[in-house]
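The structure appears below as structure tokens.
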Amino acid sequence: MMRSSTARPRSADAARAASAELQTTNERKPKILFVASTSHSGSTLLDLMLNAHPEIVSVGELKQIRRYARLARKLQRTPRCTCGAPNLKECPFWKRVDDMLTARTGHGLADLNVEDYGDTETFNADNAKLYDAISAVSRKTYIVDSSKHLNRLELLVDNPALDVFPIFLLRNPKGQICSALRKTVKPEENAYGFMRLIVSYVWTNWRIRRLTAGRPHAVLHYEQLIANPVATLTSLMQTLGLTFHPGQLDWASQERHNIGGNRMRFETSSELKPNDQWRRELTPRQKLVIDLGTLPGRYPMIRLIPPAN
Ligand SMILES: [Zn+2]
């Protein structure tokens, strides 16, 4: 992987201060809570609910951090941070992470390898440094990464420098496929797109199952999170060695700096709405095809996949 050698000019005092802060605040190895799911399974909501816990910081789809940082540097397009900053350069949180990384490694956010899975050496080293810097700046030990990408998870769980705990988020296939169909498939490719989504649901969940088998992980059902958030989050927090915090129900009012994910990350209301458009939008035939088509995905997960009701 080629790195850019254009580190931003910065003062020696700022570099020393950032480096000292990193050393004094990283006494504990951060625990990475990696949300593994298909797209359109509620990962943004879970990310925000976890971020609202006082001991957890969520950063959204961290695999996109280099792209966000490069766009902010070029100012061609400036995706907003969820804190309201017009781009990462102007977000105080990501600015401090960037300064800390630059002080310690000579490479800032725009030069990290977070998505080149072929170059495992820089991928492993850069992600470890990135999580350390996020933990130091946020002063939190638990970091939520909802990148979802399974090649990323595969490398992260094999990295001995990291403590990774996957959270397997499952949504009922009719809800997930209906949502994906509405947002990602053009009407003219409807039949092909529909079948592709069924295959993707089965394949992705099978792969997550395989990646998490034999290692500590949690399984969470999106439908249960919506229907009974207190019980679902209480159980998850206990698994993580934490206690449910009431602020997790008021997730929209908490400070956050997530990148990527759907537009819910900018939501200002914490009201949970039942996401059951699939009941009206899918035809009876589509529902039957989904039920039959996802049967292979249900085995051996037959007891894991949530019921539609
Ligand atoms: Zn921000």
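Here, each number is a calculation from the coordinates, and none is a lab measurement. Computed from a predicted model, the values in this text were never measured in an experiment. Glycine gets a Cβ as well: all are built from the backbone with ideal geometry, and neighbour counts include every protein chain shown.
FRET efficiency for residue 192 and residue 231, Cβ-Cβ distance as r, R0 = 30 Å, nearest 0.05? Present the calculation step by step, with values, prior to reporting the outcome.
Working: r = 40 Å, r/R0 = 1.33.
The calculated FRET efficiency here is 0.15.
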Subject >> Cα-projected label distance for residue 139 with residue 203, points at 7 Å along beta-carbon direction, nm >> reply: 4.6 nm
**OP:** Mind checking the range 103-203 for GluC sites (Glu not before Pro) that DSSP puts in a loop (not H, G, I, E or B) and that have at most 15 other Cβ atoms within 10 Å?
**Re:** none
**OP:** May I ask which of 63/287; 89/273; 31/74; 29/273; 95/140 have a Cα-Cα span longer than 27 Å here?
**Re:** 63/287; 89/273; 31/74; 29/273
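Calculate the FRET efficiency for residue 215 and residue 238 from the Cβ-Cβ distance with a Förster distance of 22 Å, rounded to the nearest 0.05.
Values: r = 18 Å, r/R0 = 0.84.
After rounding to 0.05, the efficiency reads 0.75.
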Original post:
For the range 90-103, in order, what is each residue's ³J(HN,Hα) by Karplus, 6.51 cos²θ - 1.76 cosθ + 1.60 with θ = phi - 60°, in whole Hz (x at glycine and Pro)?
Top reply: 9, 8, x, 5, 5, 5, 5, 4, 4, 4, 5, 4, 5, 5
Original post:
What is the distance, in nm, between label points placed 7 Å from the Cα along the Cα-to-Cβ direction at residue 255 and at residue 28?
Top reply: 1.9 nm
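Residue 224 to residue 121: FRET efficiency via 1/(1 + (r/R0)^6), r the Cβ-Cβ distance, R0 45 Å, to the nearest 0.05? Each step should come with its number before you reach the end.
Details: r = 40 Å, r/R0 = 0.89.
Step by step, r from the Cβ atoms, then E = 0.65.
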Subject >> Near-label residues of the range 109-146 by backbone N, under 11 Å of a point 7 Å along Cα→Cβ of residue 154 >> reply: 117-118
